[in-house]
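Student: Handing you a structure now.
The values are calculated or read from the model by the stated rules, or taken from the named source; none is laboratory data. As the structure is a computational prediction, the values presented were derived from the model and not from experiment. So basically every Cβ, Gly included, is an ideal-geometry build from the backbone, and we count neighbours across all protein chains shown. All accessible areas refer to the heavy atoms of the entire protein, side chains included, with ligands and DNA or RNA removed. Shrake-Rupley method; radii C 1.70, N 1.55, O 1.52, S 1.80 Å.
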Amino acid sequence: GDSVFLGKEGFWKACKENRIAENDVIKEVVAQMKRFLNLTGGYPPHVDGHQHVHVAPGISQILAPLFQEYGVQTTRIPNETVPPSDKLFYEEVIASARASMRIYNDADIATTNFFIGMGVMGKQMRPMERLIDNFRRNVLRKRFEKGSECAEDFVEFMVHPGWVPQEGDANGGC
């Protein structure tokens, strides 16, 4: 396309409006895979996108076959139960992540069973108690409900540098 950096919300909006050109995504992924190969001598076994772009509407359908082609074995799925928030973005990411999980799994790309991160960042960032509560809500309870054995669970904790937000912080700690 026109090489415009859209930013997080702009990119997601463009995806929802079907304004992201498939060929641009393919060209960028191929370039990054080649660069990774040149730097390391192999392709990455795990790939995900900053700001969860790999699960944005329409993107996983483009990426899944590319991931297969380059031998990518796993990707992150930010499927998390988050506390009520004023961030509609979290809900959009989670809904799109759930749809993307099926696409990646159908392509034999393993995905995280559990994810923790969005519920403990920004205005939600709090001390360790928040992290423990999120772990209980997202992992232990879901495992109990499913009767899961823990041998193969794949949990990702997303972390960001930041600070505990103070009253009046517009964006929280991230």
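Student: What do you reckon, is Gly42 at pLDDT 90 or above, out of contact with any His (no Cβ under 8 Å at 6 or more places or on another chain), surrounded by fewer than 15 Cβ atoms within 10 Å (Cβ to Cβ) and not β-branched (Val, Ile, Thr)?
Tutor: So Gly42 fits the description; yes.
Student: Would it be correct to say that Arg136 is at pLDDT 65 or above and either on the phi > 0 side of the Ramachandran plot or over 18 Å from the mean Cα position of the chain (by Cα) (or both)?
Tutor: yes
Student: What are the residues in the stretch 50-61 that are closer than 11 Å to Val25 by Cβ and open to solvent by 20 Å² or more (accessible area, probe 1.4 Å), if any?
Tutor: Residues satisfying the conditions are Val53, Gly58, Gln61.
Student: Within the stretch 1-19, restricting attention to residues that are open to solvent by 40 Å² or more (accessible area, probe 1.4 Å) and aliphatic (A, V, I, L, M), which residue is modelled with the lowest pLDDT?
Tutor: The qualifying residue modelled with the lowest pLDDT is Val4.
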